[in-house]
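Q: Here it is, the structure in full.
The values are calculated or read from the model by the stated rules, or taken from the named source; none is laboratory data. As the structure is a computational prediction, the values presented were derived from the model and not from experiment. Because the Cβ atoms are built from the backbone with ideal geometry, glycine has one as well, and the counts that use them run over all protein chains shown.
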Amino acid sequence: MAVDFARAVVDTNVILSAALSPHGVPAEVVDWLLAQARLIFTDATFAELESRIWKPKFDRFLSIERRRQILHAVNVSALWVAITPAISAQSFSRDPTDDKFIHAALTAGPTWLVTGDKDLLVLADSLSALGVRILAPTEALALREFSPN
C-alpha cells in the first residue's frame, strides 16, 4: 500500500517539540517529512511559529542562532500557499486559532496535517473526506514504512 505524503502541514507544536528534543518522535517525523515531502506554510502558520519560537521560555533550550536556522530552513524549503477567502471563511476546530492549519491543508490539496493538538486530532474522521489526513506524529512515523522512496 503506497501512502501519498508529498505535502504535509506540520503544526507549530510538532516543530517546536522537534527543536527542543532532537531525538524524539516529533524530530524524527519532521526530519523524515523534510526528506520525503514538502512542508506547507501560509503567512498565518509561519507567523505562529515565528511568534512562539521567540518566547522567552525557550531561551534555555534554543539559542538565538538555532531559532534563526529553524525559521530560515522553513522559509526557504516550504511550499507557500495563499488561502482563498472562501477557505478562510470556513470554521472547523473548537479552537478557532487552529483553523489556519486546516486552511493550509485544504489549500494544498490532498495532504497530511501532523499535529499533537487534540483540538485538531478529533477532526481526523470529518476532514478525511476533504482530503486532509490528520495524524499524530507517532501515526505519521508509523506510515513511513509504506514510503515509495
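Q: Would you tally the residues in region 112-146 being out of contact with any Leu (no Cβ under 7 Å at 6 or more places or on another chain), touching a residue at least 40 places away in the same chain (Cβ under 8 Å), assigned to a helix (DSSP H, G or I) and not aromatic (Phe, Trp, Tyr)?
A: Going through region 112-146 one residue at a time, the tally reaches 6.
Q: Return yes or no: is ALA18 in a helix (DSSP H, G or I) and touching a Phe, Trp or Tyr at 6+ places or on another chain (Cβ under 8 Å)?
A: no
Q: Moving on. Give region 80-100 a look and list any residue that's crowded, with 16+ Cβ neighbours inside 10 Å and under 9 Å from ILE40 (Cα atoms), or say none.
A: VAL81
Q: Please work out if ARG68 is more than 14 Å from the chain's Cα centre (by Cα), closer than 20 Å to VAL29 by Cβ, in a helix (DSSP H, G or I) and among the charged types (D, E, K, R).
A: Spelling it out, it is not the case that ARG68 is more than 14 Å from the chain's Cα centre (by Cα), closer than 20 Å to VAL29 by Cβ, in a helix (DSSP H, G or I) and among the charged types (D, E, K, R).
Q: Is it the case, given these coordinates, that GLU48 is touching a residue at least 60 places away in the same chain (Cβ under 8 Å), among the acidic types (Asp, Glu) and either within 21 Å of ILE134 (Cβ to Cβ) or assigned to a loop (DSSP other than H, G, I, E, B) (or both)?
A: The answer is no for GLU48.
Q: Has region 107-118 got at least one residue that is at pLDDT below 95 and aliphatic (A, V, I, L, M)?
A: Yes, some residue in region 107-118 is at pLDDT below 95 and aliphatic (A, V, I, L, M).
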